[in-house]
1. Full extension from A:His291 to A:Glu80: what is 0.36 nm times the residue separation minus their Cα-Cα distance, to one decimal in nm?
2. Per DSSP H run of at least 4 residues, take -39500 (n - 2.57); add these up for chain A, divide by its residues and hand me the 222 nm value, nearest 500 deg cm²/dmol.
3. Quick one: dipole size for segment A:269-420, taken about the Cα centre, charges +1 on Lys/Arg Cβ and -1 on Asp/Glu Cβ, in debye to the nearest 20.
4. Which of the residue pairs A:Lys11/A:Lys332; A:Lys24/A:Lys199; A:Lys20/A:Lys250; A:Lys32/A:Lys83 have a Cα-Cα distance greater than 24 Å in the structure shown?
5. In whole Å, how far is the Cα centre of segment A:361-424 from that of segment A:60-97?
6. What distance in nm separates the simple spin-label points at A:Lys130 and A:Glu115, each placed 7 Å from Cα in the Cβ direction?
7. Calculate how steeply helix A:64-99 sits against the longest principal axis of the alpha-carbon atoms of chain A, using the helix alpha-carbon long axis, and give the answer as 0 to 90 degrees to the nearest 10.
8. When the Kirkwood hydrodynamic radius is evaluated over all pairs of different C-alpha atoms of chain A, what value in angstrom, to one decimal, is obtained?
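No value in this document is a laboratory result; all are computed from the given coordinates. Not measured: the values here are computed from a predicted model. So basically every Cβ, Gly included, is an ideal-geometry build from the backbone, and we count neighbours across all protein chains shown.
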Amino acid sequence: MLDIKFIRENKDLVSAGAEKKHIKFDVDALLKVDDKRKELLVLIEKKRAEQNEVSEKMVRTNIEAEKSQMIAEMKILKEELQKEEEELKKVMHDWQVLMVSVPNIPDVSVPEGVESKDNKEVKVGGEIPKFDFKPKDHIELMQNLGILSLERGTKVAGFRGYFLTGDGARLQFALWHFVQDFFMKKGGFTPMIVPSLIKREPFIGTGYIPQGEEDLYKTQDGDYLSGTAEVALMSYYADEILEKKDLPIKMLGFSNAYRREAGSHGKDTKGILRVHEFYKFEQVVLCEASHTESVKYHEEIEKNTEEITEALGLPYHVVVNCAGDLGLGQVKKYDIEAWLPSENTYRETGSASYFHDFQTRRLNIRYRDDDGKMKFVHSLNNTALSGRPLIMIVENYQNADGSIRIPKVLQPYMGGQNTIEKKK
RNA sequence: GGAGGAGUCGCAUAGUUGGUCUAGUGCACUCGUCUUGAAAACGAGCACGCCGCAAGGUGUCGUGAGUUCGAAUCUCACCUCCUCCGCCA
């Protein structure tokens with residue numbers, strides 16, 4: 001959500017931002033509703049002032065005739081007031097619907113473009129492996145090794161269901177341990193285990209509702225399953241006033257992630273590249289309300305994930321997402337994509353974005369700045385580790401015989417084991 | 001699941017026969033005086049939103065609705081927490 005005053009004063013900028021993101025939004029329609037809102041507000045507040053004034057007089061008088069006169073007058077005023085308040089309620093409803101649809105303005109450094117293929121590569125890391133044999137995909141590799149069961153996954157969980165077993169599960173545990181230790185060594189991040197079953201409000205606050213509602217699982221109690229720890233981490237401080245000295249607040253959250261993948265039924269139907277349920281480490285940063293600070297931490301959290309990818313020895317590149325590929329609230333986003341040999345391309349493993357105060361305004365997370373003013377903190381987030389690096393490791397580290405070498409940094413977490421081989 | 005109790009401006013509390021509550025007080029916090037420095041003492045400030053250039057107005061006492069000329073105070077629903085009982089682990 002943007003500040004209505006800001007929208008008023010910068011309507012061309014807001015319009016241009018929406019256009020760049022290829023999101024349809026009529027700023028003038030919003031301003032028209034806002035005019036109506038203000039007009040009614042002034043009218044209502046005037047009447048309330050009169051009501052309060054007469055009320056006070058009534059307390060002071062002892063003359064019954066005066067009292068009943070005043071009550072009679074106020075009865076009429078009340079009826080008018082009720083009508084106007086009813087009208088304001090309707091206007092406020094429209095106003096709010098429009099306000100949560102205003103897209104945040106993309107940064108000037110964000111490239112023009114409509115969809116992900118317009119994203120610009122900004123960095124390449126690692127070396128793409130050359131195989132002297134035909135590399136297999138993760139499905140074949142993992143199933144042959146007996147560390148992934150898709151059939152049973154489907155039997156138990158349905159479409160996109162899976163089990164990781166034996167060394168498959170151990171490799172995933174190792175990754176989690178490694179990431180945890182990576183951040184503890186780095187310092188500054190508070191590790192957190194957070195809920196995935198979450199109320200509606202946090203989703204509105206983070207911007208996943210209403211725009212992304214169809215990709216969320218909903219329970220019969222009206223709660224939702226979140227697709228990322230970001231939702232819970234961001235809402236942790238909702239409605240709170242933070243101390244400036246405590247900023248930035250850096251959190252490393254671990255949670256389940258649930259995605260309906262509505263609208264991507266045809267995509268990545270095989271294997272575990274796109275699943276309904278996985279586990280994820282997520283970085284969230286809350287910092288001072290300054291663009292410079294936001295940019296600084298955006299680069300920092302992007303770098304963290306890059307370092308993890310590098311430490312795992314995975315070839316990767318970083319792209320800056322084009323405006324059309326940005327979410328409603330995002331100002332700028334980097335996708336970190338690791339090399340997937342079976343597809344001969346990079347696939348997304350993480351996504352780093354910043355929002356300015358778009359999310360915190362909705363979630364009401366503030367701090368008092370040095371100038372004595374209350375400000376909304378800025379928020380940023382980035383994947384630390386999704387479910388996909390496991391797949392990338394399996395494919396990039398495969399041997400001709402179908403065994404898999406374990407990246408050096410993970411070996412200590414697997415009792416020194418350095419390969420995954422077929423159990424006899 | 002059943003019974004009872006409670007939710008007030010950072011924390012703790014006052015307020016419960018509806019009307020100077022435009023919410024009092026204590027603690028904490030900020031600034032100042034005093035002091036070599038600190039503590040103590042004293043003085044001042046101290047919830048947040050909205051409209052407005054300002055003066056000022058207005059709203060918020062868990063949330064939402066209602067009664068009333070007027071609601072922190074009365075009614076209803078919901079949410080959260082606490083205590084007890086039951087059930088499960």
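1. Numbers: separation 211, 0.36 × 211 = 75.96 nm, distance 4.64 nm.
Extending this stretch completely gives an extra 71.3 nm.
2. Numbers: 12 runs with 171 residues, N = 424.
About -13000 deg cm²/dmol.
3. Numbers: 17 positive and 21 negative charges, 81 e Å.
Result for segment A:269-420 is approximately 380 debye, rounded to the nearest 20.
4. Numbers: A:Lys11/A:Lys332 20 Å; A:Lys24/A:Lys199 28 Å; A:Lys20/A:Lys250 31 Å; A:Lys32/A:Lys83 21 Å.
Exceeds cut-off: A:Lys24/A:Lys199; A:Lys20/A:Lys250.
5. One Cα centre to the other: 58 Å.
6. 3.4 nm
7. The angle comes out near 30 degrees.
8. Details: mean 1/r = 0.0409 Å⁻¹.
Every distinct Cα pair counted, the radius reaches 24.4 Å.
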